[in-house]
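Peer 1: Let me give you the structure first, and then I'll get to my questions.
A short reminder: the numbers here are calculations on the coordinates, not readings from a lab. Bear in mind the structure is a predicted one, so any value in this text is a computation, not a measurement. Here the Cβ positions follow ideal geometry from the backbone for every residue, glycine too, while neighbour counts run over all protein chains shown.
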Amino acid sequence: MVSFWLNCSMFNKDTVFKQGSKAVVRGAIRLSILASMASKKILKILPCIIAIGILFVVLFVPPGCQESVIHGAVTYPESHEAFSHPEQVDVRLIILTHNRYQSLQRTLNALNFLELDGYSGHLDIFVDRNERQELHLETVKVAESFTWSKGPSRVHLQDKHVGIYGQWVDSWRPPLDSNELAIIIEDDIEVSPFAYRWLRQTHARYGHKDFISGYCLQDNNIRVTKGKNYNKEVNLVQEEILLGHPAHFFRVAGSWAFAPHPVTWRLFQDWFHSEAKKVKHPYVCGAKLNTDWYKVFEKQHREDSMWTMWYIYFTDKHGLSALVSNIPQYTESNNSLVCNRLVAGLHYGPKREKFDCDKELMKSWSDSFVATEPNLPLIGYNGSLIGFR
């Protein structure tokens, strides 16, 4: 990932200072005008006032909409060490849950039909605590009583409340000396029996590309805004592009069953636990829909429920894109790799739940579902075709 490190090296305090220089100049001019109107006593302490004012502008006034760069701490829950698993397998299924035990049961049951094609798998279920540090006993019971028919499993009871950030970011630390892949799944997602087959073959063909953030099993992932109506999602990608390819690249990764690229994920974890603490607002100008969502959550003091904004920020800084399944559009039929039941929780209300995932999920396999062309369409934040990569 040579390009990744080049991009990383370009982001430093000198760059930030240059970006903020105009703001510094404007601040100094304003202070000079005030000085000309001040009394002699004020003039004696004016140099100190100017120095403090300039320092404030440099440190706290963001150069654009993307960031407030120097900040002592972020507002998300305090992180813990990324989890390293003792065994190495071909695929690790990571289930994240808290208190939706009935939904968890359905998610787990679907995994009994997952085709591993002779490869090794391991199921890991992470159960979070609530803010009072309590475990949901019914959820623990479902997790501990489940026997996966495809391989060994393990239940991890969090020692403390870590929230959706800790659950996602720290549940899998990709081994350095292994080709292990992981699919991270929340407890309202059902996966197709062919989800891993698609992931394995797709990674084998495209995993060498140095700009991949991960693999989205989530279909219909392209969402862009129209005007200020960020809740009215509109797909503006030309239909012929979607019909012509079983997969494409998109700047934003979808979290409905996401398989992060192992190399990118390690780098993101390292950044998240260090440099991210200097970023107050992970806004991304291009990703208007996601940024607007995050701003709404900030106003509601719910930003700790949107870990994806930090991943979008990270991947934007380094020019990374996700490889997205496009099978339903390509085949013009219900062939999704995953289905979100939209169970009531952090992001959905009680009236949106779906009970008919069987109608959406892929039921038979074709080798044509896996892209084979050397380069795939890259779709930008606004839904337009950037080119082929």
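Peer 1: Would you please put 101-108, 116-123, 194-201 in order of how densely packed they are, using the mean number of other Cβ atoms within 10 angstrom per residue and starting with the highest?
Peer 2: Those peptides, ordered most packed to least, come out 194-201, 101-108, 116-123.
Peer 1: Follow-up question, since we're still on this one. Name the shape class, rounded, prolate or oblate, that the alpha-carbon gyration tensor gives for region 82-145, where a ≥ b ≥ c are the square roots of its eigenvalues, rounded holds for a/c under 1.5, and otherwise prolate holds if a/b is larger than b/c and oblate otherwise. Spell out each step's value before the answer.
Peer 2: Details: a/c = 3.22, a/b = 1.54, b/c = 2.09.
Because a/c hits 1.5 or more and a/b fails to exceed b/c, region 82-145 counts as oblate.
Peer 1: Return the long-range amide H neighbours of residue 83 (sequence gap of 5 or more, or a different chain), with a cut-off of under 5 Å between placed amide H atoms.
Peer 2: 171, 172, 173
Peer 1: Given H placed on each backbone N at 1.01 Å, which residues far from residue 181 in sequence or on other chains put an amide H within less than 5 Å of it?
Peer 2: Placed amide hydrogens put 91, 92 under 5 Å from residue 181.
Peer 1: Whose amide H sits under 5 Å from the amide H of residue 378, counting only residues 5 or more places off or on another chain, with H placed in the peptide plane?
Peer 2: Result for residue 378 returns 249, 386, 387, 388, 389.
Peer 1: Next up: Please state the shape class of region 91-388: rounded when a/c is under 1.5, otherwise prolate if a/b exceeds b/c and oblate if not, all from the C-alpha gyration tensor.
Peer 2: rounded
Peer 1: Taking the alpha-carbon centroid of each part, what is the distance from region 308-331 to region 166-224 in angstrom?
Peer 2: That distance is 11 Å.
Peer 1: To continue, here is another question. Return the sequence-ordered ³J(HN,Hα) values of region 320-325 in whole Hz as given by the Karplus equation 6.51 cos²θ - 1.76 cosθ + 1.60 applied to θ = phi - 60°, using x for Gly and Pro.
Peer 2: 9, 9, 9, 8, 10, 5
Peer 1: Using θ = phi - 60° and the Karplus form 6.51 cos²θ - 1.76 cosθ + 1.60, what ³J(HN,Hα) does each residue of region 375-389 get, whole Hz, x for Gly and Pro?
Peer 2: Residue by residue, region 375-389 yields 10, 10, x, 10, 9, x, 4, 8, x, 8, 6, 7, x, 10, 9 Hz.
Peer 1: Another question, if that's okay. Tell me, in nm to one decimal, what length is gained between residue 273 and residue 363 on full extension, where the rule is 0.36 nm per residue of separation less the Cα-Cα distance?
Peer 2: 28.4 nm
Peer 1: Using the Karplus equation 6.51 cos²θ - 1.76 cosθ + 1.60 (θ = phi - 60°), what ³J(HN,Hα) coupling, rounded to whole Hz, does each residue of region 272-281 give in order, writing x for Gly and Pro?
Peer 2: 4, 8, 9, 5, 4, 5, 8, 9, 7, 10
Peer 1: A follow-up question, please. Among the listed pairs 277/299; 141/299; 160/280; 141/317; 160/278, which are separated by more than 31 Å between their Cα atoms?
Peer 2: From the list (277/299; 141/299; 160/280; 141/317; 160/278), the Cα-Cα distance tops 31 Å for 141/299; 141/317.
Peer 1: What distance in nm lies between label points placed 7 Å from Cα along the C-beta direction at residue 333 and residue 209?
Peer 2: The answer from the label model is 2.6 nm.
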